[in-house]
Amino acid sequence: MTGYGKSILQLPTKKITIEVKSLNSKNLDINVRIPSYYKEKELEIRKLLASSLTRGKVDFSIYVDNTGEELTSQINEVAVKQYISKLKQISHGSDLEMLQMAMRLPEALKTEREELDETEWSEIVNHIKIAVSNIVTYRVDEGKALIKDFNLRIHNIQSLLEKVIEVDEERMVHVKQKLRKALEELEVKVDENRFEQELIYYLEKLDINEEKVRLENHLKYFIEELETSESNGKKLGFISQEIGREVNTMGSKSNFAPMQKLVVQMKDELEKIKEQNLNVL
């Protein structure tokens, strides 16, 4: 979602620089900084940006550098002469000193408001479109890199899940031995049939087969969404939440150190996915 676009319009008397920058954001947040004589076009600018930039914190700026001989400020000769006359009545400085003092007083300069030229604005709009096109290209290039990273992270989680499946049988044996040892340490006699029934009930509570199946489906769904051409950042975020739900449940049920280590690694990969998903529209 981050990006940068720029375009420069060179006119006979001025250089106009247009910049568009975007950062991650859940919604579209546009901030416009333009000279006052373009303010009446701000709504048009916002609509133009919103039509191409779906999400992100967007900063749009127009900078104008005058390169010709035209001046927007002129000396108010009448006011300056009156200031000098009044100053001479209360001071005895040189003419140069009087002039310097007068030029610092209010209304010594009068600024002519520049009017918007529609022909000029039409050229500016074309360059705004160029800047927006540049930022979209930037985002597309970033998206290609994100796809590679997402595929890597999902593949890593899938590999860790396969390892979880491998150690699951060992985990069940470990749990049974642990319970048997605890009973032996208590030095009490138990009904073997009742013990087996309770053991089965206990192991069912620790069973993670459903979580494994759902997690595999979520990983597959995530990859399928990556391959679509639609904007799907929010959907990928929802799928990531479901992946996290299954991973957390597996961790809480594992009760086995080797499996818990694998779950921690899966969580680490998932956090990287969530961080990068902030960049997806």
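Taken over the range 1-29, the criterion of being without any contact (Cβ under 8 Å) to a residue 60 or more places away in the chain and within 14 Å of ASN126 (Cβ to Cβ) is satisfied by GLN10 alone.
For every residue, the table says whether it meets (1) touching a helix residue (DSSP H, G or I) at 6+ places or on another chain (Cβ under 9 Å); (2) at pLDDT below 90; (3) in the same structural domain as ILE16 (by TED's automatic domain parsing); (4) over 30 Å from GLU275 (Cα atoms).
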position: LYS81; (1), (2), (3), (4): yes, yes, no, yes
position: LEU105; (1), (2), (3), (4): yes, yes, no, yes
position: GLU123; (1), (2), (3), (4): no, no, yes, yes
position: ILE128; (1), (2), (3), (4): yes, no, yes, yes
position: VAL173; (1), (2), (3), (4): no, yes, no, yes
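Looking only at residues in the range 159-179 that are surrounded by 12 or more Cβ atoms within 10 Å (Cβ to Cβ) and hydrophobic (A, V, I, L, M, F, W, C), the one that is farthest from ASN217 (Cα to Cα) is LEU179.
For the range 15-66, a residue qualifies if it is modelled with pLDDT of 85 or more, basic (Lys, Arg) and surrounded by 13 or more Cβ atoms within 10 Å (Cβ to Cβ), and the qualifying residues are LYS15, LYS21, LYS41, ARG46, LYS57. Looking across the range 44-58, the residues that are in a helix (DSSP H, G or I) and under 12 Å from SER133 (Cα atoms) come down to LEU48, LEU49.
Filter the range 233-276 down to the residues that are under 29 Å from LEU28 (Cα atoms) and in contact (Cβ under 8 Å) with a residue 40 or more places away in the chain and list them by number. If the condition is that a residue be under 29 Å from LEU28 (Cα atoms) and in contact (Cβ under 8 Å) with a residue 40 or more places away in the chain, then GLY233, LEU236, GLY237, ILE243, GLU269, LEU270, LYS272, ILE273, GLN276 are the ones that fit.
So that you can scan it fast, the table gives a plain yes or no per residue for (1) among the β-branched types (Val, Ile, Thr); (2) surrounded by fewer than 15 Cβ atoms within 10 Å (Cβ to Cβ); (3) in a helix (DSSP H, G or I):
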position	(1), (2), (3)
ARG214	no, no, yes
GLU225	no, no, yes
LEU236	no, no, yes
GLU242	no, no, yes
ARG245	no, yes, yes
VAL264	yes, yes, yes
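For the range 12-57, which positions are of a type in the set (Ser, Thr, Tyr) and within 21 Å of the chain's Cα centre (by Cα)? The answer is SER22, SER25, SER51, SER52, THR54.
Regarding LEU96, is this residue loosely packed, with under 13 Cβ neighbours inside 10 Å, among the hydrophobic types (A, V, I, L, M, F, W, C) and more than 18 Å from GLU120 (Cα to Cα)? So LEU96 fits the description; yes.
Look at LYS144 and say whether it is at pLDDT 90 or above, part of a helix (DSSP H, G or I) and farther than 30 Å from TYR38 by Cβ. So LYS144 fails the test.
The values are calculated or read from the model by the stated rules, or taken from the named source; none is laboratory data. This one's a predicted model, so the numbers in the text were calculated from it and none came from an experiment. Virtual Cβ from ideal backbone geometry, glycine too; neighbours counted across all protein chains shown.
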